[in-house]
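Here's the structure we're looking at; comments come further down.
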Amino acid sequence: MHSIRTYLRQISLFMILAMGLATTWSTTAVAGVVGTGDVLTEQRAEVDRQSLMSMLERDEVKEALSTMGVDQSEVENRIQSLTPSELADFNEQLAEAPVGQDVVGIIVLFLLVFIVTDLLCATNIFSFINCIR
Amino acid sequence: MIALPRVLAGTLVALFAGCASVPPWPETAGGDAGEPLVQLDVPFFPQERYQCGPAALATMLASQDIAVTADDLVPRVYLPEREGSLKVELVAAARQYGMLVYPLDRKLADIVAEVDAGHPVLVMQNLGFDWFPQWHFAVVVGYDPTEEDLILHTDTRRANRQPLSVFYRTWERAERWAAVILPPGDFPATAQALPYLEAASDLELTGQQAAAFAAYQASVSRWPDEPAPKLGMGNIAYSQERWTEAAGYYLETVASFPGLAPGWNNLAHALARSGCASQSAEALACANRLKPDTFASDLPTPPENSDFVCPTIQCPAID
């Protein structure tokens, strides 16, 4: 067990760095005209968000989440706060999963997100991870 | 603690998901219509040593009546030191010819659908192994549903037949990348709104304004529910300093999509440039009402005299 813990922590730290880099999210006001590509990126993110949300409505997913003691509304909140690039990553992986395995795949993805938020002490789902703070 | 085995199990599933088996021959791929074999009449350029990239791209471009040979493309897309071409370079070179590069959904059925529509399909293959890749570009020009073969212009072979299993495995190892290359305004058979408009926006970003404009223009009627085509036409007009024309496109954009905050913001800028100071400020206020504190308040200074008739601005109601 001990070696697995150490291993997971390293993965999680890597994930923090990776996702941190992917979420350099600008909050400054837009100057000048908004590019067509920016509007498309936002639209794409909304489509991805909706498809993730609809996944949550499936019974197998609901069941799996409740077995893990994860609150559905918590997951919904997480999805709302994902950036376009994170959403695109998720959907890319979903699209590549063979038919029938998407449910398992999506749950794994959620778990990865939660591991990161756990490390940041934003949530507390996995007891084997120690908070950074 | 209960979650740990699940994480590991899930990760293993995710890892092995890459080894998917070859799918069945797509049901859509004809045969029963009495014409079993489909083969497009596409020019062929046999590749020189290692130069599959220029050869495949030349085939794609020449099929759209562009006068180009593989040799012309070598300096653009061939890296002598790497003895190969990069996918991104092929795409970029096609754009420099004013062509729209539409990446297909990673499905065999979509390749078949494009061939049925008369569009050759550029595909990437990995002829080696995952751990020792040998990248290759080829063009799917037909298929034979009886034999379950794909027909490709590849390396030095014209209309080479590859059994589905062979093709699919090599394609799979290249992440099933495939694209059609068409003049902007023509639509791939499998075209979907967002990917097509993203491809058009890539043309806009790479300086192919006329090509991007044509693609947006054709998209207006094809996807009337998409705001990007009109907005994009406005953005191109704006970048070319045709201010009043841009204002016209933006006005049409916000008329159809009143909730699109960037549309109001861009309208504000175009109106300011067209000499409508107060209307410009009103449009910017609309944008910031839709998305508070998003758009900067420094608008361009309106010119002294302009004969543009300033429109009346009315913000959409927000519930």
Practice problem: Hey, can you tell me all the residues within the stretch B:188-198 that are more than 10 Å from chain A (Cβ to nearest Cβ) and either touching a Lys or Arg at 6+ places or on another chain (Cβ under 7 Å) or aliphatic (A, V, I, L, M) (or both)? | Solution: B:A189, B:A191
Quiz item: Yes or no: B:K107 within 23 Å of B:D186 (Cβ to Cβ) and within 14 Å of another protein chain (Cβ to nearest Cβ)?
Solution: yes
Practice problem: Kindly indicate which of B:L122, B:L127 is at pLDDT below 95 and within 19 Å of B:W177 (Cβ to Cβ). | Solution: B:L127
Exercise. Examine the stretch B:294-301 for a residue that is within 33 Å of the chain's Cα centre (by Cα), under 22 Å from A:V39 (Cα atoms), at pLDDT below 95 and surrounded by 24 or more Cβ atoms within 10 Å (Cβ to Cβ), and state whether such a residue exists.
Key: yes
Quiz prompt | Filter result for B:T244 (polar (S, T, N, Q) and under 26 Å from B:T312 (Cβ atoms)) | solution = yes
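Okay, residues lined up against (1) at pLDDT 75 or above; (2) within 12 Å of another protein chain (Cβ to nearest Cβ):
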{"site": "A:V30", "(1), (2)": "no, yes"}
{"site": "A:V39", "(1), (2)": "yes, yes"}
{"site": "A:V61", "(1), (2)": "no, no"}
{"site": "A:V70", "(1), (2)": "no, yes"}
{"site": "A:E76", "(1), (2)": "yes, no"}
{"site": "A:E92", "(1), (2)": "no, yes"}
{"site": "A:P98", "(1), (2)": "no, yes"}
{"site": "A:V103", "(1), (2)": "no, yes"}
Quiz prompt | In the stretch B:273-319, the residues that are in the same structural domain as B:N235 (by TED's automatic domain parsing), among the charged types (D, E, K, R) and under 17 Å from B:R242 (Cβ atoms) | solution = B:R273
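Residue-wise test of (1) in contact with a helix residue (DSSP H, G or I) (Cβ under 9 Å, 6 or more places away or on another chain); (2) among the acidic types (D, E); (3) under 30 Å from B:A270 (Cβ atoms).
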{"position": "B:Q162", "(1), (2), (3)": "yes, no, no"}
{"position": "B:T170", "(1), (2), (3)": "no, no, no"}
{"position": "B:A178", "(1), (2), (3)": "yes, no, no"}
{"position": "B:P188", "(1), (2), (3)": "yes, no, no"}
{"position": "B:Q192", "(1), (2), (3)": "no, no, yes"}
{"position": "B:A199", "(1), (2), (3)": "yes, no, yes"}
{"position": "B:M233", "(1), (2), (3)": "yes, no, yes"}
Quiz item: Among the residues of the stretch B:76-99, is any within 26 Å of B:T28 (Cα to Cα) and either surrounded by fewer than 18 Cβ atoms within 10 Å (Cβ to Cβ) or among the hydroxyl-bearing types (S, T, Y) (or both)?
Solution: no
Self-check item: Subset of the stretch B:40-62 [in a loop (DSSP other than H, G, I, E, B) and out of contact with any Lys or Arg (no Cβ under 7 Å at 6 or more places or on another chain)]
Solution: B:L40, B:D41, B:V42, B:P43, B:F45, B:P46, B:Q47, B:E48, B:R49, B:Y50, B:Q51
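To keep it simple, each residue is scored yes or no on (1) surrounded by fewer than 23 Cβ atoms within 10 Å (Cβ to Cβ); (2) of a type in the set (S, T, N, Q); (3) over 19 Å from B:W223 (Cα atoms).
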| site | (1), (2), (3) |
| --- | --- |
| B:G248 | yes, no, yes |
| B:S256 | yes, yes, no |
| B:W264 | no, no, yes |
| B:A277 | yes, no, yes |
| B:A287 | no, no, yes |
Exercise. Evaluate the following for B:P23: is it surrounded by 13 or more Cβ atoms within 10 Å (Cβ to Cβ), within 14 Å of chain A (Cβ to nearest Cβ) and either modelled with pLDDT of 70 or more or part of a loop (DSSP other than H, G, I, E, B) (or both)?
Key: yes
Self-check item: Out of B:E89, B:E114, B:E81, sole residue that is of a type in the set (D, E, K, R), in a helix (DSSP H, G or I) and either on the phi > 0 side of the Ramachandran plot or modelled with pLDDT of 95 or more (or both)
Solution: B:E114
Exercise. For the stretch B:208-221, state whether one or more residues are surrounded by fewer than 19 Cβ atoms within 10 Å (Cβ to Cβ), aliphatic (A, V, I, L, M), on the phi < 0 side of the Ramachandran plot and modelled with pLDDT under 95.
Key: no
Self-check item: strands (runs of 3 or more DSSP E) completely within the stretch B:117-188 that count 2 or more residues being over 17 Å from B:G53 (Cα atoms) and touching a residue at least 40 places away in the same chain (Cβ under 8 Å)
Solution: B:135-144
Self-check item: Looking only at the stretch B:203-216, and only at residues there that are of a type outside the set (A, V, I, L, M, F, W, C) and out of contact with any strand residue (DSSP E or B) (no Cβ under 9 Å at 6 or more places or on another chain), the one that is farthest from B:A272 (Cα to Cα)
Solution: B:T206
Practice problem: Go through the residues of the stretch B:137-146 one by one and say whether even a single one is more than 24 Å from B:L86 (Cβ to Cβ), at pLDDT 95 or above and surrounded by fewer than 23 Cβ atoms within 10 Å (Cβ to Cβ). | Solution: yes
Quiz item: If you scan the stretch B:39-51, which residues turn out to be surrounded by 13 or more Cβ atoms within 10 Å (Cβ to Cβ) and at pLDDT below 90?
Solution: B:Q47, B:E48, B:Y50, B:Q51
Quiz prompt | Single unsatisfied condition, B:T244 versus (1) free of Cβ contacts under 8 Å to residues at least 60 places away in the same chain; (2) out of contact with any Pro (no Cβ under 7 Å at 6 or more places or on another chain) | solution = (1)
Quiz prompt | Qualifying positions in the stretch A:78-89 - over 30 Å from B:L203 (Cβ atoms) and either at pLDDT 85 or above or of a type outside the set (K, R) (or both) | solution = A:I79, A:Q80, A:S81
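The values are calculated or read from the model by the stated rules, or taken from the named source; none is laboratory data. Keep in mind that this is a model prediction, so the values were computed, not measured. As a convention, Cβ positions derive from the backbone with ideal geometry for all residues, glycine included, and neighbour counts pool all protein chains shown.
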